[in-house]
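Following this message is one structure expressed as structure tokens.
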Amino acid sequence: MLFPNLHKALLVVRYSMKPFKIILILLLFDISNAYGQKYLDSLEKAERKARIISYWRYGLIDVEKEFAASKVAQKYQFSFRSVAGCVLTKKVIKRIDRHNDEVSGILNKRFRGDWKKIFYPEVDSVYLIDQTIINYFNQDSSVSSIFYRISASIDNRVILRVLPTLEPSLYTLRAFLMNQFAEATEKYIYSVQVRYPQLVFSEPQYYK
């Protein structure tokens, strides 16, 4: 071997790096935890100042179910906010839970009972209506074929959203453009009114 001690030297360096890597990971974890706590504290302070009642979420969410929940929440004058991803420390989770416990206390008074038992069955009903309308639209080419030809001709992705109207049995189905973060923007390219549960679609409108 040309350098007989090189292999041993590399092994020493390799194993001496392990404690350093562990320390670095723990340090980054502590920094992330401290930043998370600071961010949540400032967010809660801002919400209180603006008198916003917001129930915090973290982790992966069902986008369609979350949209249904946001519509029902708007009716009861509160909102949901995604504050973190999937990788959290126990301290950050406890911080989020502490905030949500406070919000739940407010909502229990507003709903005059366990708000989740009243709220989520209503969300399920709204979600069922949304999915029934969207699925029927997708399956019936007589009402969706022109829309899909138009959406295929543009660069942006679109997402279908069902919106309530002042009339209980009338809904608006709109196709909103999505941004680079895969979120719905306020701009839409297609809109049509739908009678539910009859699933009768009106003449659609297209926008550039």
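Looking at segment 153-162, which of its residues are surrounded by fewer than 15 Cβ atoms within 10 Å (Cβ to Cβ) and either in a helix (DSSP H, G or I) or modelled with pLDDT of 95 or more (or both)?
none
Could you list, ordered by first residue, the pairs with Cβ atoms under 8 Å in which the first is in segment 130-145 and of a type in the set (Val, Ile, Thr) and the second is outside any helix (DSSP H, G or I) and surrounded by fewer than 12 Cβ atoms within 10 Å (Cβ to Cβ), at least 6 apart or interchain?
Correct list of pairs: 132/197.
Yes or no, residue by residue, for (1) within 30 Å of residue 46 (Cβ to Cβ); (2) of a type in the set (D, E, K, R); (3) not assigned by TED's automatic domain parsing to the domain that holds residue 44:
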site: 98; (1), (2), (3): yes, yes, no
site: 111; (1), (2), (3): yes, no, no
site: 124; (1), (2), (3): no, yes, yes
site: 144; (1), (2), (3): no, no, yes
site: 152; (1), (2), (3): no, no, yes
site: 179; (1), (2), (3): yes, no, yes
site: 189; (1), (2), (3): no, no, yes
site: 200; (1), (2), (3): no, no, yes
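Could you run through segment 24-51 and say how many residues are within 16 Å of residue 99 (Cα to Cα) and at pLDDT below 90?
Result for segment 24-51: 4.
On the basis of being touching a residue at least 24 places away in the same chain (Cβ under 8 Å), in a loop (DSSP other than H, G, I, E, B) and assigned by TED's automatic domain parsing to the domain that holds residue 149, does residue 175 make the cut?
Working: touching a residue at least 24 places away in the same chain (Cβ under 8 Å): yes; in a loop (DSSP other than H, G, I, E, B): no; assigned by TED's automatic domain parsing to the domain that holds residue 149: yes.
In short, no.
Something else now. Being farther than 21 Å from residue 65 by Cβ and without any contact (Cβ under 8 Å) to a residue 60 or more places away in the chain is true for just one of 87, 83, 103. Which residue is that?
Going through 87, 83, 103 in turn, the sole match is 87.
The values are calculated or read from the model by the stated rules, or taken from the named source; none is laboratory data. All figures in this text were calculated on a predicted structure; none of them were measured in a lab. Methodologically, a virtual Cβ is constructed for each residue, glycine included, from the backbone with ideal geometry; neighbour enumeration extends over all protein chains shown.
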